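Following: one structure in structure tokens, then a few remarks.
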Amino acid sequence: MPEEDLVELKFRLYDGSDIGPVRYSSSSTVAMLKERIISEWPRDKKMVPKVANDVKLINAGKVLENGTTIGQCRSPFGELPAGVITMHVIVQPTLTKTKTEKKVEELPRMTCSCSCSIL
């Protein structure tokens, strides 16, 4: 694999710690990166993603789609040729439909006897 085809990435977690930097091929997909992040996730963290859909990657202010390659994600300007690209990692566990429905049903019904007056 040619040297210029490799991209050096690190992943910034929600608490400011990092995974990486590691070199990846520009043809690697975001889904592949997510799987790697899950396998290298520090187990002492409060939030641990279980599947790739629990992880969102953000680069240059955009949430990256699973089918996108690293080469497509790269910003065309402002990067140093030998610089490390930092992607931010958000953990957002997916909720199953039954859990969501159950939580809504369990919420207490609040009756409000307040009113607003515009003077």
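Place a point 7 Å from the Cα of Ser26 along the Cα-to-Cβ direction; which residues of region 35-72 have their backbone N under 14 Å from it?
Backbone N within reach: 69-72.
When the Karplus curve 6.51 cos²θ - 1.76 cosθ + 1.60 is applied with θ = phi - 60°, which whole-Hz ³J(HN,Hα) does each residue of region 44-54 get, with x for Gly and Pro?
8, 6, 5, 10, 10, x, 9, 10, 4, 6, 6
Here, each number is a calculation from the coordinates, and none is a lab measurement. Remember, predicted model here, so these are calculated numbers, not experimental data. Every residue, glycine among them, receives a Cβ derived from its backbone with ideal geometry; neighbour counts consider all protein chains shown.
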